[in-house]
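Enquirer: Supplied in structure tokens, the structure appears directly below.
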Amino acid sequence: MTLLQKYRKALLAVALILLTKLVILVMLPITGDEAYFVKWGQNLMMGYYDHPPMVGWLIYLMRFISHDVILYRLFSVMSAVVMAYVIYLLAIRSVSKEKAFYVALIFLASPIDMLMLLFTNDIALAFFGTIGAYLFVSALEREAWWKRALGAGVFLGLAFLSKYFAVFLIFALYLYALITLRQKAIKPILLVTTVLLLFVAQNLYFNYNSCWNNIMFNFIARPKSEYHPELLLVFFGIVLYLFTPWGLWMLVKSGFQRGRTLTLITAVLGVSLTIFFVVSLKNTVGLHWFLLFVPYMYLLFVFVDEARLNRLFTYNVIFTMLHGLIVVTVLLLPLSLFEKSSSYSSIVYGVKAEEVCKELEPYRGNLFSLGYTPASVVSYNCDMKVHMLFNNSKYGRLDDALVDVRTLDKKDIMIFNHRSIAESELSDVCEAVKIETFEVAKATFYLAKCENFSYETYKAKYLDVQRKKFYNIPSWLPKGKCYFEERYYR
């Protein structure tokens, strides 16, 4: 009996989950973060403000096929399948093919798989990092190790250019190699590191010549200094959700067989969860933070006996389909049910994009917004350039590089927002402010005409603040080029 025959019912359940994912993928309007990353892909650069550039580069390449967000999300679906396959490949090192295949199916039936729909930098990180980790592990166990080590260096490098979280995985893999092979691990580690450093050098070159954007955002502007122990509840809640309560209970009741698989899992989860635990004392950790490390959580289930695995699979299918049915139901509900929601206008400009774009079309080429989310979503939905102004948030600052505010001096510009615009927000910068509204599906949207925009006033109220918060490069970093400084302060 083949694997496909033995697990026919399980495969049908996974296929049903996949079908549900595809339905949601098509129905769900583009999100703010997705639209923001699409803007990356529309403006090809060596790097971007928030994170390394890989998700933008991928979108740039995929745009040669289609500009539709559905294509980008299909990459997310494919990534989940790739992660499941790597779980299978890692599992067969210690258990039978049948059990390894079943554990991979359990991952595809998990709630986190259902949530892997949106195309973000975490998807690119998980895709490249998972493949790179497998190549690294297999290089340690094969005589012709150098080809796989070379591949591991490339894929782990691509993961690093997706998000800095890749460093945690790389460190854990090195730790695993040294524990299992000791001195024999040195050559593979050196080759992987040599290749990896090429990608690190690219990122350092970009940062050196771009105000140290990634370093400033991730290590200076973003972290919080005060301890908030209550945030630990979020950390433990996410861990419980990813394992599921029943899955965690089954792991507690199971015995763990010593070997390389357990050592690998312990190294990866030990490093990542410890770091996230410490970070959660000051910052809220997000579910997406864990995505790169989820395969190793599910790899733990190879130590669960078959009877419990059957129950785990069944419970996961029910739980995951519940997620899917809730999302599909919400997407099918009439808009009128959400009219009293504070997010109603945000929902409408995603669902009724064509009508919103029709109202905004007269302002094409001269339209701005107060936040990166409406700016990015309107940019995508209306196929027009909309940038963020009048905002000192640390998020969505790509527009700092794209917009030279000096060129707006003495001009009239239009400001769009899905929430009310206070005249006082603009009056210092604009000689006159005229606010008007329009309605789509009973949602009110706001347009403000800023007459005779004053660059000097904007500089004092916004650019000077941004310079202090986001471009005040510490002395311990070597002084390189900075578009913000060169444009406004020299």
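Enquirer: About its Cα centre, what dipole magnitude does the range 255-385 give when the only charges are +1 on Lys and Arg Cβ and -1 on Asp and Glu Cβ, stated in debye to the nearest 20?
Expert: About 500 debye.
Enquirer: Considering only protein heavy atoms, what is the solvent-accessible area of PHE338 at a probe of 1.4 Å, reported in Å² to the nearest 10?
Expert: Counting only protein heavy atoms, PHE338 exposes about 50 Å² to solvent.
Enquirer: Quick check: net charge around HIS288, other residues with Cβ under 10 Å of its Cβ, Lys/Arg +1 and Asp/Glu -1?
Expert: Value of the local net charge: -1.
Enquirer: Residues of the chain: accessible area per residue at 1.4 Å, in Å²?
Expert: 45
Enquirer: OK, next. Helix by helix, which DSSP H runs in the chain go 30 Å or more along their axis at the Cα atoms and have an average Kyte-Doolittle hydropathy of 0.5 or more?
Expert: Helix filter hits for the chain: 69-91, 186-208, 306-332.
Enquirer: For the range 93-159, what ratio Rg/Rh do Cα atoms give with a Kirkwood hydrodynamic radius?
Expert: 1.06
Enquirer: Any idea which of GLY350, ASN417, ASN472 is furthest toward the positive side of the dipole for the range 321-476, if Lys and Arg beta-carbons carry +1 and Asp and Glu beta-carbons -1?
Expert: ASN472
Enquirer: Which value in nm describes the separation of the simple spin-label points at MET78 and LYS9, placed 7 Å from the Cα toward the beta carbon?
Expert: 3.4
Enquirer: Given axes a ≥ b ≥ c from the Cα gyration tensor, I'd like to know whether the range 391-443 is rounded (a/c under 1.5), prolate (a/b larger than b/c) or oblate.
Expert: oblate
Enquirer: Still on this model: So how do PHE236, PHE64 rank on accessible area, 1.4 Å probe, biggest first, that is with the largest at the start?
Expert: Solvent-accessible surface, decreasing: PHE64, PHE236.
Enquirer: If you average 1/r over all unlike Cα pairs in the range 382-471 and invert the result, what Kirkwood radius do you get in angstrom?
Expert: The answer is 14.1 Å.
Enquirer: Rank LEU233, ALA152, PHE217 by how far each Cα sits towards the positive end of the charge dipole of the range 139-245 (+1 on Lys, Arg Cβ; -1 on Asp, Glu Cβ) and give me just the farthest.
Expert: ALA152
Enquirer: Just to confirm my numbers, what's the Cα centroid distance between the range 147-166 and the range 394-408 in Å?
Expert: Comparing the Cα centres of the range 147-166 and the range 394-408, I get a distance of 31 Å.
Enquirer: What does the charge add up to near GLU456, with Lys and Arg as +1, Asp and Glu as -1, over the other residues with Cβ less than 13 Å from its Cβ?
Expert: 0
Enquirer: Run the dipole for the range 356-490 about the Cα centre, Lys and Arg Cβ at +1, Asp and Glu Cβ at -1, nothing else charged, and hand back the magnitude in debye, nearest 20.
Expert: Charge dipole of the range 356-490: 580 debye, to the nearest 20.
Enquirer: Can you give the helix-only mean residue ellipticity at 222 nm for the chain, where every DSSP H stretch with n ≥ 4 adds -39500 (n - 2.57) and the sum goes over all residues, rounded to the nearest 500 deg cm²/dmol?
Expert: -18000 deg cm²/dmol
Enquirer: Using a probe of 1.4 angstrom, how much of the accessible area of the range 1-129 is carbon and sulfur, in percent?
Expert: After summing per-atom areas, the C and S share lands at 70 percent.
Enquirer: Ignoring ligands, DNA and RNA, how do ARG93, ARG487, ARG258 rank by accessible area with a 1.4 Å probe, largest first?
Expert: My answer, sorted largest first, is ARG258, ARG93, ARG487.
Enquirer: Enumerate the whole-percent occupancy of each 10 Å bin, from 0 to the last occupied one, for all C-alpha pair distances of the range 1-130.
Expert: Binned Cα distances yield the sequence 12, 37, 29, 16, 5, 0.
Enquirer: Also, I was wondering about something else. Would you mind working out the magnitude of the charge dipole of the chain relative to its Cα centre, with +1 at each Lys and Arg C-beta and -1 at each Asp and Glu C-beta, to the nearest 20 Debye?
Expert: Dipole magnitude for the chain comes out near 1860 debye.
Enquirer: Probe 1.4 Å, all protein chains in place: accessible area of VAL195 in Å², nearest 10?
Expert: 20
Enquirer: Rounded to the nearest Å, what's the spacing between the alpha carbon centres of the range 186-230 and the range 30-100? Just the number, please.
Expert: Each part's Cα centre sits 20 Å from the other's.
Enquirer: Arrange the residues VAL351, VAL239, VAL137 by how much accessible surface each exposes, largest first, with a 1.4 angstrom probe.
Expert: Accessible-area ranking of VAL351, VAL239, VAL137, largest first: VAL351, VAL239, VAL137.
Enquirer: Additional query: Want the number for ALA460 to LYS411: 0.36 nm per residue separation, take away the alpha-carbon distance, what's left?
Expert: That pair, ALA460 and LYS411, stretches by 15.9 nm at full extension.
Enquirer: I need the calculated FRET efficiency for the pair SER427 and LEU335, taking r as the beta carbon distance and R₀ as 45 Å, to the nearest 0.05.
Expert: So the FRET efficiency works out to roughly 0.85.
Enquirer: Mind checking the alpha-carbon convex hull of the chain and giving the volume per residue in Å³?
Expert: 164
Enquirer: Another question, then. Sorted from largest down, what three extents in whole angstroms do the Cα atoms of the range 329-478 have along their principal axes?
Expert: Rounded to whole Å, the extents work out to 54, 38, 26 Å.
Enquirer: Working out 0.36 nm times the residue gap between LYS184 and ILE70, then minus their Cα-Cα distance, what length gain in nm do you get to one decimal?
Expert: 36.5 nm
The values are calculated or read from the model by the stated rules, or taken from the named source; none is laboratory data. These numbers were taken from a predicted model, which means no experiment stands behind them. Note that each Cβ is placed from the backbone with ideal geometry, even for glycine, and that neighbours are counted across all protein chains shown. For accessibility, only protein heavy atoms count, side chains too; no ligands or nucleic acids. Shrake-Rupley method; radii C 1.70, N 1.55, O 1.52, S 1.80 Å.
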